[in-house]
Amino acid sequence: MNYAAKLICVAFVLAPVFPGHAQDTAIAGIKAKADAGDPDSQNAMGLACENGQGMAADPAAAADWFQKSATQGNPNAERNLALMYLAGKGIKQDFTEAAKWLGKAAGQNFAAAQSTLGSLLVDGKVVPQDTADGVKWLQKAADQNYAEAEDNLGMMTLQGSGVPQSNDDALKLFQKAADQNYASAQEHLAGLYIDGTGVSQNDATAFGLAQQAAFQGYAAAESTVGWMYSAGRGTSQDAAEAVKWLQKAADQNFAEAENTLGQMYEAGKGMKQDYAAAVDWYRKAAQQGYGGAENNLAVAIAQAHGAGPDPVEALKWFELAAAHGDKNGQDVRDALTKGMTPAQIAQAEKEVQEFRPVGY
């Protein structure tokens, strides 16, 4: 989910409670203040236009309102305008402008902007990477108990990426964010308890944390809950519940859940065995570059389980799986290549080079 989708304006949290005319009246009152130049009302109008609150969604009008408010120094609007520039939503995409407006809001000690700017600087995909500066901004946001920043710093600390590695410090950061019901941190904490990293291994605690995040619609946690039901980890084994939660995650295109569903269809666990359905789920996950699914798909195609035999495609997925960290099924791969011509192998290698994961 992108940052813009997480934004909530207090003025509109309660607006849907008031149906019809009451909401129209509220919008009219806010617009009157916005037209008079009030920056908070201009920002609120931007959110209303962006999200279609009391009117048809209009991204261009939203960007215009955010611009008016931002030029008056409203930090909420500065960040909102930056997000529009990042996404190219209602305005021409411009990463330089996005960074500029985030910097203005972050400079006013606005935690949400500090967190966004810090994450972008650490990531380095849309702005020049500067890990040290990114960590600085994330820390400023975390010092204000901003959950997103605490969670991101927690993961960096766990991995020792840009900051000293410390399981204990990562645990503390995840816990602070999880205590604010931040789903990503709850899922990360669940992972620590599953693996016993920095804490005593405890499946029941992990399941509870994953459930809290899953109830918020967080795909990674839905996948974890599904897997734990399937394996009977931290809860009673229940194939029907496993399928339900995995399906929720798969409906959000979460590759790990799609791969697990494929495995369940292949094994006939929780549903009727269906090799074709298994291949369909493996393919969805494989197209996102998920190594386990690429390997499972390669084996299925090589052995003609749920898909016609196609040695070129099978070899392609074997090679991609290995590149993405999964080298299982090498015996099947080796047997496959022995029966392939040099031209077929060359074609598979060509397709590997041309592969681009969906969504990247």
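Only one of Lys316, Lys248, Lys244 is modelled with pLDDT of 95 or more and under 20 Å from Arg356 (Cβ atoms); which?
Just a single option satisfies the conditions, and that option is Lys316.
What tally of residues in the stretch 176-201 results from selecting those that are crowded, with 16+ Cβ neighbours inside 10 Å and of a type outside the set (Val, Ile, Thr)?
The qualifying residues number 16.
Regarding the stretch 306-319, can at least one residue be identified that is surrounded by 24 or more Cβ atoms within 10 Å (Cβ to Cβ), more than 23 Å from the chain's Cα centre (by Cα), in a helix (DSSP H, G or I) and of a type in the set (Phe, Trp, Tyr)?
yes
Please find, among Gly270, Gly226, Gly262, Gly232, the residue that is on the phi > 0 side of the Ramachandran plot and surrounded by 15 or more Cβ atoms within 10 Å (Cβ to Cβ). Spell out how you get there, then give the answer.
On the way: Gly226 fails: on the phi > 0 side of the Ramachandran plot; Gly262 fails: on the phi > 0 side of the Ramachandran plot; Gly232 fails: surrounded by 15 or more Cβ atoms within 10 Å (Cβ to Cβ).
When all the criteria are applied, what remains is Gly270.
Against the conditions (1) surrounded by fewer than 14 Cβ atoms within 10 Å (Cβ to Cβ); (2) over 19 Å from Ala177 (Cα atoms), where does Gln159 fall short? Just the number, please.
Evaluating Gln159 over (1) surrounded by fewer than 14 Cβ atoms within 10 Å (Cβ to Cβ); (2) over 19 Å from Ala177 (Cα atoms) leaves (2) as the failure.
More than 23 Å from the chain's Cα centre (by Cα) and surrounded by fewer than 21 Cβ atoms within 10 Å (Cβ to Cβ): does that describe Gln303?
Numbers: more than 23 Å from the chain's Cα centre (by Cα): yes; surrounded by fewer than 21 Cβ atoms within 10 Å (Cβ to Cβ): yes.
Yes.
Does the stretch 56-99 hold any residues that are touching a Cys at 6+ places or on another chain (Cβ under 7 Å), of a type outside the set (Gly, Ala, Ser) and not in a loop (DSSP other than H, G, I, E, B), and which are they?
Across the stretch 56-99, the qualifying residue is only Trp65.
Could you tell me whether Asp280 is under 30 Å from Phe215 (Cβ atoms), at pLDDT 95 or above, surrounded by 16 or more Cβ atoms within 10 Å (Cβ to Cβ) and not polar (S, T, N, Q)?
In short, yes.
Starting from the stretch 207-222, keep only residues that are within 15 Å of Lys244 (Cα to Cα), then list their pairs with residues that are surrounded by fewer than 24 Cβ atoms within 10 Å (Cβ to Cβ) and among the basic types (Lys, Arg) whose Cβ atoms are within a distance under 8 Å, requiring at least 6 positions of separation or different chains.
Once the first residue is within 15 Å of Lys244 (Cα to Cα) and sits in the stretch 207-222, its partners that are surrounded by fewer than 24 Cβ atoms within 10 Å (Cβ to Cβ) and among the basic types (Lys, Arg) give Ala214/Lys248; Gly217/Lys248; Ala219/Lys248; Glu222/Lys248.
Please indicate, with yes or no, whether at least one residue in the stretch 266-283 is in contact (Cβ under 8 Å) with a residue 40 or more places away in the chain, under 19 Å from Gly226 (Cα atoms) and outside any helix (DSSP H, G or I).
yes
Failed condition for Val199, given (1) over 24 Å from Thr235 (Cα atoms); (2) at pLDDT 95 or above, with all others met?
(1)
The values are calculated or read from the model by the stated rules, or taken from the named source; none is laboratory data. Just so we're clear, the structure is a prediction, and the values are computed from it rather than from any experiment. A quick note on method: Cβ atoms are made from the backbone with ideal geometry, for glycine too, and the neighbour counts reach across all protein chains shown.
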